[in-house]
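To start, the structure under review is shown below, and the notes come after it.
The values are calculated or read from the model by the stated rules, or taken from the named source; none is laboratory data. Remember, it's a predicted structure, so these values are computed and weren't measured experimentally. In case anyone asks, the SASA skips ligands and DNA or RNA and just uses the protein heavy atoms, side chains included. Shrake-Rupley method; radii C 1.70, N 1.55, O 1.52, S 1.80 Å.
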Amino acid sequence: MLVMSNLSYAELVQTLSQDQYNQLLQQYTAQVNETKKILDDPKVKFDAATQKQAFCTRLTAYQQIADMSKANITLESASIMLMAANSFLERQKQSFIDSGMTEQVFCALSKVEN
């Protein structure tokens, strides 16, 4: 029987090679970049549901970057990516706290709507 405790999924999986890490980092970075046209371009307007889904996708990608970087901290760029991802995640966490919402509720509602 596997006991999950407080470990993240990334901490439970085997350590990645540098190539595997780089490939996953590229994948998650692409997900973040895909959300930029929806969330960051003031010239383009999308409906609230699309914006919410893009935001949750971005949040998940940053969480994956943080998790895999923490689990593979000795790899090249992992410490920098962990710091960058955690910075984004902390800003969003504070924003959720300030608004009285949580990421789990906000993104769960987004998944139900789609």
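General observations
- Restricting the calculation to Cα atoms, segment 30-114 yields a radius of gyration followed by a Dmax of 13.9, 41 Å.
- Of Tyr62, Tyr21, the residue with the largest accessible area leads and the full order is Tyr62, Tyr21 (1.4 Å probe).
- Set of aspartates and glutamates near Lys52 by C-alpha distance (under 12 Å), chain-local residues within fewer than 8 positions excluded: Glu103, Glu113
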